[in-house]
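The values are calculated or read from the model by the stated rules, or taken from the named source; none is laboratory data. Keep in mind that what you see is a predicted model, and the values were worked out from it rather than measured. FYI the Cβ positions are ideal-geometry reconstructions off the backbone, even for glycines, and counts take in every protein chain you see. For the accessible areas, the whole protein counts, side chains as well, though only heavy atoms, and no ligand, DNA or RNA atoms are used. Shrake-Rupley method; radii C 1.70, N 1.55, O 1.52, S 1.80 Å.
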Amino acid sequence: MTLDNLRVEIDNVDKQLVTLFQKRMQIAKSICEYKKKNNLPIYNGTREDELLLERTNLLADGSLAPFAERLFSNLMEISRDYQTNLSLSKNIVLIGVMGCGKTKKGTLLSKRLNIPFFDVDYEVEQSKKMTIPEIFAKYGEEEFRRLESEKIKELSQNTRCIISTGGGVVLNPNNMKVLKEHGIIIFLNRDIEAIAGDIDTTTRPLLANGTDALFKIYNERLALYQKWCDIEISGNTTIVEAVENILCELQRSPL
Ligand code: S3P
(Lines give C-alpha, C1' and ligand atoms only; values in the text may rest on other atoms or scores of the structure.)
Protein backbone atom coordinates (compact mmCIF):
# COMPACT_ATOMS: atom_id res chain seq x y z
CA MET A 1 0.00 0.00 0.00
CA THR A 2 1.29 3.48 -0.88
CA LEU A 3 1.62 6.35 1.59
CA ASP A 4 -1.11 8.22 -0.28
CA ASN A 5 -3.48 5.31 0.16
CA LEU A 6 -2.68 5.06 3.85
CA ARG A 7 -3.39 8.78 4.20
CA VAL A 8 -6.77 8.36 2.55
CA GLU A 9 -7.54 5.57 5.00
CA ILE A 10 -6.54 7.63 8.01
CA ASP A 11 -8.61 10.56 6.69
CA ASN A 12 -11.61 8.28 6.59
CA VAL A 13 -11.03 7.06 10.13
CA ASP A 14 -10.74 10.68 11.31
CA LYS A 15 -14.01 11.57 9.59
CA GLN A 16 -15.69 8.82 11.57
CA LEU A 17 -13.97 10.06 14.74
CA VAL A 18 -15.32 13.58 14.13
CA THR A 19 -18.84 12.21 13.81
CA LEU A 20 -18.39 10.10 16.94
CA PHE A 21 -16.86 13.02 18.83
CA GLN A 22 -19.85 15.21 18.03
CA LYS A 23 -22.20 12.44 19.07
CA ARG A 24 -20.29 11.92 22.33
CA MET A 25 -20.35 15.66 23.15
CA GLN A 26 -24.07 15.80 22.39
CA ILE A 27 -24.63 13.03 24.94
CA ALA A 28 -22.34 14.84 27.41
CA LYS A 29 -24.58 17.88 27.00
CA SER A 30 -27.68 15.86 27.86
CA ILE A 31 -25.88 14.36 30.88
CA CYS A 32 -24.94 17.87 31.93
CA GLU A 33 -28.56 19.03 31.70
CA TYR A 34 -29.70 16.05 33.77
CA LYS A 35 -27.03 16.68 36.39
CA LYS A 36 -27.89 20.35 36.61
CA LYS A 37 -31.59 19.58 37.06
CA ASN A 38 -30.84 17.00 39.76
CA ASN A 39 -28.13 19.01 41.49
CA LEU A 40 -25.39 16.47 40.79
CA PRO A 41 -21.67 17.27 40.38
CA ILE A 42 -19.94 16.99 36.99
CA TYR A 43 -16.89 15.14 38.31
CA ASN A 44 -16.75 11.68 39.81
CA GLY A 45 -13.12 10.55 40.07
CA THR A 46 -13.87 6.92 40.99
CA ARG A 47 -16.19 6.51 38.00
CA GLU A 48 -13.59 8.03 35.66
CA ASP A 49 -10.94 5.56 36.89
CA GLU A 50 -13.31 2.61 36.40
CA LEU A 51 -14.28 3.76 32.91
CA LEU A 52 -10.66 4.22 31.91
CA LEU A 53 -9.88 0.62 32.86
CA GLU A 54 -13.01 -0.67 31.11
CA ARG A 55 -12.10 1.16 27.90
CA THR A 56 -8.48 -0.01 27.78
CA ASN A 57 -9.58 -3.60 28.50
CA LEU A 58 -11.55 -3.51 25.24
CA LEU A 59 -8.35 -3.24 23.21
CA ALA A 60 -7.40 -6.22 21.08
CA ASP A 61 -3.82 -4.91 20.91
CA GLY A 62 -2.69 -4.55 24.54
CA SER A 63 0.47 -2.64 23.57
CA LEU A 64 -1.80 0.32 22.79
CA ALA A 65 -3.08 0.48 26.40
CA PRO A 66 -0.95 3.44 27.58
CA PHE A 67 -1.89 5.42 24.46
CA ALA A 68 -5.58 4.57 24.75
CA GLU A 69 -5.44 5.58 28.42
CA ARG A 70 -4.21 9.02 27.38
CA LEU A 71 -6.89 9.31 24.71
CA PHE A 72 -9.77 8.44 27.03
CA SER A 73 -8.48 10.42 29.96
CA ASN A 74 -8.20 13.48 27.67
CA LEU A 75 -11.63 12.77 26.27
CA MET A 76 -13.17 12.65 29.75
CA GLU A 77 -11.36 15.86 30.70
CA ILE A 78 -12.63 17.61 27.54
CA SER A 79 -16.15 16.38 28.28
CA ARG A 80 -15.96 17.73 31.86
CA ASP A 81 -14.66 21.10 30.65
CA TYR A 82 -17.45 21.29 28.08
CA GLN A 83 -20.05 20.52 30.75
CA THR A 84 -18.52 23.13 33.04
CA ASN A 85 -18.73 25.66 30.22
CA LEU A 86 -22.40 24.77 29.71
CA SER A 87 -23.28 24.89 33.43
CA LEU A 88 -21.37 27.98 34.47
CA SER A 89 -23.55 30.98 35.18
CA LYS A 90 -21.07 33.02 37.27
CA ASN A 91 -17.57 34.43 36.79
CA ILE A 92 -14.48 32.69 38.13
CA VAL A 93 -12.40 35.15 40.15
CA LEU A 94 -8.76 34.50 41.07
CA ILE A 95 -7.35 36.13 44.20
CA GLY A 96 -4.02 35.79 46.01
CA VAL A 97 -0.86 37.64 46.86
CA MET A 98 1.22 39.04 43.98
CA GLY A 99 3.38 36.43 42.27
CA CYS A 100 1.07 33.48 43.05
CA GLY A 101 0.36 33.01 39.32
CA LYS A 102 -3.16 34.43 38.92
CA THR A 103 -2.59 35.71 35.38
CA LYS A 104 -0.90 32.60 33.96
CA LYS A 105 -3.31 30.18 35.64
CA GLY A 106 -6.29 32.34 34.70
CA THR A 107 -5.21 32.42 31.05
CA LEU A 108 -4.99 28.62 30.89
CA LEU A 109 -8.31 28.25 32.74
CA SER A 110 -10.00 30.51 30.18
CA LYS A 111 -8.57 28.36 27.35
CA ARG A 112 -9.78 25.13 28.92
CA LEU A 113 -13.29 26.47 29.51
CA ASN A 114 -13.38 28.56 26.33
CA ILE A 115 -14.57 31.66 28.18
CA PRO A 116 -13.03 35.18 28.14
CA PHE A 117 -10.17 36.23 30.43
CA PHE A 118 -9.77 39.65 32.04
CA ASP A 119 -6.88 40.90 34.16
CA VAL A 120 -7.82 43.84 36.41
CA ASP A 121 -4.28 45.32 36.47
CA TYR A 122 -4.04 45.11 32.67
CA GLU A 123 -7.44 46.81 32.27
CA VAL A 124 -6.38 49.61 34.64
CA GLU A 125 -3.16 50.06 32.66
CA GLN A 126 -5.07 50.19 29.38
CA SER A 127 -7.57 52.74 30.65
CA LYS A 128 -4.76 55.12 31.78
CA LYS A 129 -2.30 54.17 29.03
CA MET A 130 0.27 53.83 31.81
CA THR A 131 1.96 50.95 33.65
CA ILE A 132 1.05 50.18 37.29
CA PRO A 133 4.40 51.60 38.60
CA GLU A 134 3.78 54.79 36.55
CA ILE A 135 0.26 55.15 38.01
CA PHE A 136 1.60 54.69 41.57
CA ALA A 137 4.40 57.22 40.91
CA LYS A 138 2.21 59.87 39.31
CA TYR A 139 -1.09 59.57 41.22
CA GLY A 140 -0.27 57.48 44.32
CA GLU A 141 -1.70 54.24 45.70
CA GLU A 142 -5.05 55.73 46.69
CA GLU A 143 -5.86 56.74 43.12
CA PHE A 144 -4.72 53.29 41.90
CA ARG A 145 -7.13 51.65 44.36
CA ARG A 146 -9.96 53.86 43.08
CA LEU A 147 -9.22 52.89 39.47
CA GLU A 148 -8.95 49.24 40.52
CA SER A 149 -12.40 49.34 42.20
CA GLU A 150 -13.89 51.06 39.18
CA LYS A 151 -12.58 48.32 36.86
CA ILE A 152 -13.78 45.59 39.22
CA LYS A 153 -17.33 47.00 39.12
CA GLU A 154 -17.15 47.20 35.34
CA LEU A 155 -15.73 43.69 34.82
CA SER A 156 -18.18 42.14 37.29
CA GLN A 157 -21.01 43.10 35.00
CA ASN A 158 -19.81 40.27 32.76
CA THR A 159 -20.96 36.76 33.42
CA ARG A 160 -19.07 33.59 32.60
CA CYS A 161 -15.57 35.00 32.42
CA ILE A 162 -12.31 34.58 34.30
CA ILE A 163 -11.23 37.64 36.29
CA SER A 164 -7.65 37.80 37.57
CA THR A 165 -7.35 40.43 40.30
CA GLY A 166 -4.44 42.39 41.76
CA GLY A 167 -3.14 41.13 45.13
CA GLY A 168 -4.61 44.11 46.99
CA VAL A 169 -8.21 43.50 45.89
CA VAL A 170 -9.18 42.17 49.33
CA LEU A 171 -8.24 45.45 51.06
CA ASN A 172 -11.59 46.93 50.02
CA PRO A 173 -14.59 44.83 51.14
CA ASN A 174 -16.75 46.50 48.48
CA ASN A 175 -14.51 45.01 45.76
CA MET A 176 -15.05 41.57 47.21
CA LYS A 177 -18.80 41.99 47.66
CA VAL A 178 -19.20 42.93 43.99
CA LEU A 179 -16.93 40.11 42.80
CA LYS A 180 -18.61 37.54 45.05
CA GLU A 181 -22.10 38.55 44.01
CA HIS A 182 -21.32 37.61 40.40
CA GLY A 183 -18.52 35.09 40.83
CA ILE A 184 -16.92 32.06 42.44
CA ILE A 185 -13.80 33.19 44.31
CA ILE A 186 -10.67 31.04 44.06
CA PHE A 187 -7.71 31.75 46.35
CA LEU A 188 -4.35 30.65 44.96
CA ASN A 189 -2.18 30.13 48.02
CA ARG A 190 1.50 29.87 47.04
CA ASP A 191 4.43 29.63 49.49
CA ILE A 192 5.62 33.13 50.19
CA GLU A 193 9.31 32.03 50.20
CA ALA A 194 8.85 30.62 46.68
CA ILE A 195 7.22 33.87 45.53
CA ALA A 196 10.04 35.94 47.04
CA GLY A 197 12.47 33.76 45.06
CA ASP A 198 11.06 34.45 41.62
CA ILE A 199 8.85 37.56 41.67
CA ASP A 200 9.55 40.42 39.27
CA THR A 201 9.83 43.41 41.65
CA THR A 202 10.23 45.96 38.83
CA THR A 203 6.53 45.75 37.96
CA ARG A 204 5.37 45.83 41.62
CA PRO A 205 5.58 49.29 43.19
CA LEU A 206 4.88 47.89 46.68
CA LEU A 207 8.13 45.91 46.39
CA ALA A 208 10.24 48.85 45.19
CA ASN A 209 12.48 48.38 48.26
CA GLY A 210 12.81 44.62 47.85
CA THR A 211 10.88 41.47 48.72
CA ASP A 212 10.92 41.98 52.54
CA ALA A 213 7.61 43.83 52.27
CA LEU A 214 6.08 40.73 50.69
CA PHE A 215 6.07 38.76 53.96
CA LYS A 216 4.27 41.56 55.81
CA ILE A 217 1.74 41.94 52.98
CA TYR A 218 1.06 38.19 52.96
CA ASN A 219 0.59 38.01 56.74
CA GLU A 220 -1.74 41.00 56.70
CA ARG A 221 -3.89 39.63 53.88
CA LEU A 222 -3.94 35.86 54.36
CA ALA A 223 -7.01 35.93 56.63
CA LEU A 224 -8.82 38.15 54.11
CA TYR A 225 -8.08 35.85 51.16
CA GLN A 226 -9.36 32.94 53.25
CA LYS A 227 -12.41 34.84 54.45
CA TRP A 228 -13.59 35.75 50.96
CA CYS A 229 -12.73 32.65 48.96
CA ASP A 230 -15.11 29.84 48.06
CA ILE A 231 -12.25 27.52 47.14
CA GLU A 232 -8.58 27.54 48.24
CA ILE A 233 -6.06 25.93 45.89
CA SER A 234 -2.36 25.32 46.42
CA GLY A 235 -0.24 27.56 44.23
CA ASN A 236 2.80 25.35 44.84
CA THR A 237 2.26 23.23 41.74
CA THR A 238 2.76 23.67 38.01
CA ILE A 239 0.32 25.91 36.16
CA VAL A 240 -1.27 22.89 34.46
CA GLU A 241 -1.76 21.07 37.78
CA ALA A 242 -3.19 24.14 39.51
CA VAL A 243 -5.72 24.63 36.71
CA GLU A 244 -6.67 20.94 36.81
CA ASN A 245 -7.14 21.24 40.61
CA ILE A 246 -9.32 24.33 40.22
CA LEU A 247 -11.49 22.57 37.64
CA CYS A 248 -11.79 19.38 39.71
CA GLU A 249 -12.86 21.44 42.75
CA LEU A 250 -15.45 23.31 40.65
CA GLN A 251 -16.71 20.07 39.12
CA ARG A 252 -16.96 18.25 42.46
CA SER A 253 -19.99 20.23 43.57
CA PRO A 254 -23.02 21.28 41.52
CA LEU A 255 -22.37 24.55 39.69
C1 S3P B 1 -0.77 44.92 44.34
C2 S3P B 1 -0.64 43.86 43.46
C3 S3P B 1 -0.43 44.06 42.02
C4 S3P B 1 -0.96 45.41 41.56
C5 S3P B 1 -0.41 46.50 42.41
C6 S3P B 1 -0.76 46.32 43.90
C7 S3P B 1 -0.98 44.59 45.77
O8 S3P B 1 -1.06 43.01 41.30
O9 S3P B 1 -2.36 45.42 41.59
O10 S3P B 1 0.97 46.54 42.23
O11 S3P B 1 -1.44 45.47 46.52
O12 S3P B 1 -0.70 43.46 46.17
P13 S3P B 1 -0.48 41.49 41.22
O14 S3P B 1 -1.01 40.75 42.40
O15 S3P B 1 -1.07 40.95 39.96
O16 S3P B 1 0.98 41.59 41.17
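Where the second residue is open to solvent by less than 80 Å² (accessible area, probe 1.4 Å) and not in a helix (DSSP H, G or I) and the first is more than 17 Å from L247 (Cβ to Cβ) and in contact (Cβ under 8 Å) with a residue 60 or more places away in the chain and lies in the stretch 39-65, which pairs have Cβ atoms under 6 Å and are six or more apart or on separate chains?
As it stands, the answer is N39/P254, since those pairs meet every condition given.
Can you name every residue in the stretch 87-107 that is open to solvent by 20 Å² or more (accessible area, probe 1.4 Å), more than 16 Å from the ligand (Cβ to nearest atom) and not basic (K, R)?
Passing the criteria: only S89.
Here's the yes/no breakdown for (1) surrounded by fewer than 17 Cβ atoms within 10 Å (Cβ to Cβ); (2) within 13 Å of the ligand (Cβ to nearest atom); (3) among the small types (G, A, S):
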| residue | (1), (2), (3) |
| --- | --- |
| N172 | yes, yes, no |
| F187 | no, yes, no |
| A194 | yes, no, yes |
| S253 | yes, no, yes |
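To keep it simple, each residue is scored yes or no on (1) basic (K, R); (2) under 18 Å from L75 (Cβ atoms); (3) open to solvent by 80 Å² or more (accessible area, probe 1.4 Å); (4) part of a helix (DSSP H, G or I).
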site: L6; (1), (2), (3), (4): no, no, yes, yes
site: E9; (1), (2), (3), (4): no, no, yes, yes
site: N12; (1), (2), (3), (4): no, no, no, yes
site: L17; (1), (2), (3), (4): no, yes, yes, yes
site: L20; (1), (2), (3), (4): no, yes, yes, yes
site: K29; (1), (2), (3), (4): yes, yes, no, yes
site: Y34; (1), (2), (3), (4): no, no, yes, yes
site: P41; (1), (2), (3), (4): no, no, no, no
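Scan the stretch 238-251 for residues that are farther than 30 Å from N38 by Cα and crowded, with 16+ Cβ neighbours inside 10 Å and report the count.
At the first step, the residues of the stretch 238-251 found to be farther than 30 Å from N38 by Cα are 238-240.
Then keep just the ones that are crowded, with 16+ Cβ neighbours inside 10 Å; that gives none.
Of the residues in that region, 0 qualify.
So which residues in the stretch 50-86 are of a type in the set (S, T, N, Q), surrounded by fewer than 17 Cβ atoms within 10 Å (Cβ to Cβ) and over 19 Å from N39 (Cα atoms)?
Once the filter is applied, which keeps residues that are of a type in the set (S, T, N, Q), surrounded by fewer than 17 Cβ atoms within 10 Å (Cβ to Cβ) and over 19 Å from N39 (Cα atoms), the stretch 50-86 yields N57, S63, S73, N74.
Scan the stretch 77-90 and give yes if some residue there is touching a strand residue (DSSP E or B) at 6+ places or on another chain (Cβ under 7 Å) and within 28 Å of Q157 (Cα to Cα), otherwise no.
Checked the stretch 77-90: at least one residue is touching a strand residue (DSSP E or B) at 6+ places or on another chain (Cβ under 7 Å) and within 28 Å of Q157 (Cα to Cα).
In the stretch 201-232, which residues are in contact (Cβ under 8 Å) with a residue 12 or more places away in the chain, among the basic types (K, R) and over 13 Å from G96 (Cα atoms)?
Scanning the stretch 201-232 gives a single hit, R204.
Would you check which residues across the stretch 112-140 are part of a helix (DSSP H, G or I), aliphatic (A, V, I, L, M) and more than 10 Å from the ligand (Cβ to nearest atom) and list them? So that I can check it myself, show each step before the final result.
To start, the set of residues in the stretch 112-140 that are part of a helix (DSSP H, G or I) comprises 112-113, 120-128, 132-139.
Next cut, aliphatic (A, V, I, L, M) only: 113, 120, 124, 132, 135, 137.
Scanning the stretch 112-140 gives L113, A137.
Only one of L147, L108, L75, L155 is in a helix (DSSP H, G or I), more than 18 Å from the chain's Cα centre (by Cα) and within 28 Å of E241 (Cβ to Cβ). Can you tell me which?
Details: L147 fails: within 28 Å of E241 (Cβ to Cβ); L108 fails: more than 18 Å from the chain's Cα centre (by Cα); L155 fails: more than 18 Å from the chain's Cα centre (by Cα).
Being in a helix (DSSP H, G or I), more than 18 Å from the chain's Cα centre (by Cα) and within 28 Å of E241 (Cβ to Cβ) holds for just one of L147, L108, L75, L155, which is L75.
Rundown of residues vs (1) modelled with pLDDT of 95 or more; (2) open to solvent by 40 Å² or more (accessible area, probe 1.4 Å); (3) more than 22 Å from L88 (Cβ to Cβ); (4) more than 11 Å from the ligand (Cβ to nearest atom), yes/no style:
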{"position": "E142", "(1), (2), (3), (4)": "yes, yes, yes, yes"}
{"position": "R146", "(1), (2), (3), (4)": "yes, yes, yes, yes"}
{"position": "I184", "(1), (2), (3), (4)": "yes, no, no, yes"}
{"position": "D212", "(1), (2), (3), (4)": "no, yes, yes, yes"}
{"position": "L222", "(1), (2), (3), (4)": "yes, yes, yes, yes"}
